[in-house]
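Visitor: Quick one: the structure is below, and I'll ask about it shortly.
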Amino acid sequence: MKPVELEHFLERLVARRMPVSTMIWGPPGIGKSSIVQQTAARHGLPWIDVRLSQLAPTDLRGLPVAEDGVARWYPPEFLPRAGAGVLFLDELNLAPPLIQGMAQQLILDRRVGSYEVPDGWLIWAAGNRKEDRAAVFDMPAPLANRFIHLHVEPDFPSFKDYALLNGVHERILAFLSFRPTLLHKLDARQPAWPSPRSWVAASGLYAADLPVEPAVGEAAAAEFAAYVALYDTIPDLGPILEGQGRHIPFSGEPSVRYATTIGLAARAESPPQIMNVFNWLADQAPAEWVQLCVSDMFRLARGRGTFGALAQLIGSDPRLQRFMRDYQQLLVL
C-alpha cells in the first residue's frame with residue numbers, strides 16, 4: 001500500500017479503537033514511524049516509541065526485587081500505566097530473538113512479567129524487510145501470526161502531499177516531480193542515498209545554503225544541482241501571483257514546467273493569488289498542467305485553513321466553475 005493508504009488504515013483503527021496488533025513493513029526512510037506518530041497526534045493520543053533493538057531483556061520485563069522472600073518484577077517506567085494511546089514497537093525485527101520473544105508475550109497477552117498493557121492502548125510495530133539490506137532477524141512464526149501485516153512502498157504523490165504542507169523546499173519538490181524515481185533509491189554500497197526522509201533532510205541543508213550530497217548521495221545530488229540551474233530560466237513568478245502575468249508564456253520544456261507549477265503552488269498563499277495563478281495557467285498552459293497546479297494549490301489551501309474563502313471566490317468565477325466540473329476529483333483531494 002501507499003503511505004497515504006497506511007495513514008487512512010491506521011486512522012480507522014484509532015477511530016474504532018480496534019485493539020488488533022499491527023505490523024508495518026517497508027523500506028527504510030519512507031516515513032513509517034512519522035505516520036504512526038502523526039496519526040496518534042491527530043487523535044490527541046500519547047505515543048510511546050520503544051526501540052526494541054536497543055533493549056536488553058530486563059529493560060522490557062523489568063528488574064526482580066525481593067519482597068517478603070518473593071521476587072517481584074518492577075516494570076520499566078517507559079511502558080504506559082493508564083489511559084489510552086499508541087505503544088509503538090519500532091525496529092521490531094532488528095531485535096534479537098530473545099527480545100522478540102519478550103515482545104511476543106507483550107503483543108499476545110498484553111502483559112510481560114507483572115506488567116499489563118492498559119486496555120485503551122493500541123500496540124503497533126514496524127520493521128524493514130530482508131530485501132532492504134537491513135540487518136534483521138527472522139520473525140518467529142508464532143509472533144508473526146499475532147499481527148495483521150501492512151506492506152508499505154514509497155509513493156511520490158503521498159510524499160508530495162506531506163512536502164507541500166510541511167515546508168519542503170520548492171526546488172526539492174520540483175526536482176522530484178520531474179524525477180520521481182529518485183524519491184527512494186536504496187544503494188547499500190553508499191552511506192547516503194535518496195529516500196523521503198533524506199530528501200526532507202536535504203531540504204533543510206539546501207535552505208541553509210549547504211550541499212545536499214551528505215543526505216542523498218553523490219549521484220542524486222549531481223542531478224539535483226543540474227536541475228537547480230534551470231531555475232534561472234523560469235519566469236518571474238511575482239507578476240503571475242499578482243495577476244499581471246498576461247505577457248509571460250508557459251515554457252514548453254517539461255523540467256521548467258514542473259519548476260514553474262510547483263513554484264506557483266508553493267507561493268500562492270492567499271485565495272486571490274490562487275485565482276490569479278489559475279487564470280494565468282488556463283490562458284497559457286495545457287489542461288493537465290492546470291490540473292496539476294490547481295490540485296496542489298487546493299491541497300495547500302485546505303492545510304492552511306483558507307479553503308472556505310477560496311470556495312467563495314470559486315463561486316463567483318464561471319471559468320473556474322467550469323474547470324471544476326471537468327475535474328471533479330479536485331474537490332475531494
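Visitor: Which pairs do you get when a residue that is within 17 Å of Pro211 (Cβ to Cβ), found in segment 157-176, comes within reach of a residue that is in a helix (DSSP H, G or I) and acidic (Asp, Glu), reach meaning Cβ atoms under 9 angstrom, with the pair 6+ apart or on two chains?
Guide: So the pair list comes out as Phe175/Glu223.
Visitor: Just one of (1) buried (at least 18 other Cβ atoms within 10 Å of the Cβ); (2) assigned to a helix (DSSP H, G or I) trips up Phe88, so point out which.
Guide: Condition not satisfied by Phe88: (2).
Visitor: I'm told Arg72 meets every condition in (1) in a helix (DSSP H, G or I); (2) surrounded by fewer than 18 Cβ atoms within 10 Å (Cβ to Cβ) except one. Can you identify the failing condition by its number?
Guide: (1)
Visitor: Right, here's the next one. If you check Leu182, Leu210, Leu173, which single one turns out to be surrounded by fewer than 22 Cβ atoms within 10 Å (Cβ to Cβ), within 26 Å of Phe298 (Cα to Cα) and hydrophobic (A, V, I, L, M, F, W, C)? Let's see the steps before the verdict.
Guide: Numbers: Leu210 fails: within 26 Å of Phe298 (Cα to Cα); Leu173 fails: surrounded by fewer than 22 Cβ atoms within 10 Å (Cβ to Cβ).
Answer to the check: Leu182.
Visitor: Of the conditions (1) free of Cβ contacts under 8 Å to residues at least 60 places away in the same chain; (2) within 29 Å of Arg189 (Cα to Cα), Met102 clears all except one; give me its number.
Guide: Status for Met102: all satisfied but (2).
Visitor: Of all the residues that make up segment 1-38, how many are assigned to a loop (DSSP other than H, G, I, E, B) and either over 26 Å from Arg111 (Cα atoms) or free of Cβ contacts under 8 Å to residues at least 12 places away in the same chain (or both)? Steps first, answer last, please.
Guide: Within segment 1-38, the first condition is being assigned to a loop (DSSP other than H, G, I, E, B), and the residues that meet it are 1-2, 16-21, 26-31.
Now drop any that are not either over 26 Å from Arg111 (Cα atoms) or free of Cβ contacts under 8 Å to residues at least 12 places away in the same chain (or both), which leaves 1-2, 16, 26-31.
Summing the residues that are assigned to a loop (DSSP other than H, G, I, E, B) and either over 26 Å from Arg111 (Cα atoms) or free of Cβ contacts under 8 Å to residues at least 12 places away in the same chain (or both) in segment 1-38 gives 9.
Visitor: If we scan segment 12-27, do we find a residue that is farther than 19 Å from Pro80 by Cα, out of contact with any Asp or Glu (no Cβ under 8 Å at 6 or more places or on another chain) and charged (D, E, K, R)?
Guide: The answer is yes, given that some residue of segment 12-27 is farther than 19 Å from Pro80 by Cα, out of contact with any Asp or Glu (no Cβ under 8 Å at 6 or more places or on another chain) and charged (D, E, K, R).
Visitor: Another one. Residues to consider are Asp132, Asp119; find the one that is of a type outside the set (Lys, Arg), at pLDDT below 80 and either outside the structural domain of Ile24 (by TED's automatic domain parsing) or more than 17 Å from Gln37 (Cα to Cα) (or both). Working first, answer last.
Guide: Values: Asp119 fails: at pLDDT below 80.
None of the other options fit; the residue is Asp132.
Visitor: Need the failing condition index for Val168 against (1) at pLDDT 90 or above; (2) part of a loop (DSSP other than H, G, I, E, B); (3) out of contact with any helix residue (DSSP H, G or I) (no Cβ under 6 Å at 6 or more places or on another chain); (4) not charged (D, E, K, R), just the number.
Guide: It fails just one condition, (3).
Visitor: Right, here's the next one. Among the listed residues Gln38, Gln54, Gln100, Gln104, identify the single one that is polar (S, T, N, Q) and closer than 24 Å to Val4 by Cβ. Give the steps one after another, and end with the answer.
Guide: Values: Gln54 fails: closer than 24 Å to Val4 by Cβ; Gln100 fails: closer than 24 Å to Val4 by Cβ; Gln104 fails: closer than 24 Å to Val4 by Cβ.
So the residue among Gln38, Gln54, Gln100, Gln104 that is polar (S, T, N, Q) and closer than 24 Å to Val4 by Cβ is Gln38.
Visitor: Grab the helices (runs of 4 or more DSSP H) fully contained in segment 219-333, keeping just those with 3 or more residues being buried (at least 16 other Cβ atoms within 10 Å of the Cβ) and in contact (Cβ under 8 Å) with a residue 12 or more places away in the chain. Reasoning before the result, please.
Guide: On the way: elements: 237-241, 254-267, 271-284, 287-304, 307-315, 318-326.
Output list reads 237-241, 254-267, 271-284, 287-304.
The values are calculated or read from the model by the stated rules, or taken from the named source; none is laboratory data. For clarity, every value in this text was computed on a predicted model and none was experimentally measured. Glycine gets a Cβ as well: all are built from the backbone with ideal geometry, and neighbour counts include every protein chain shown.
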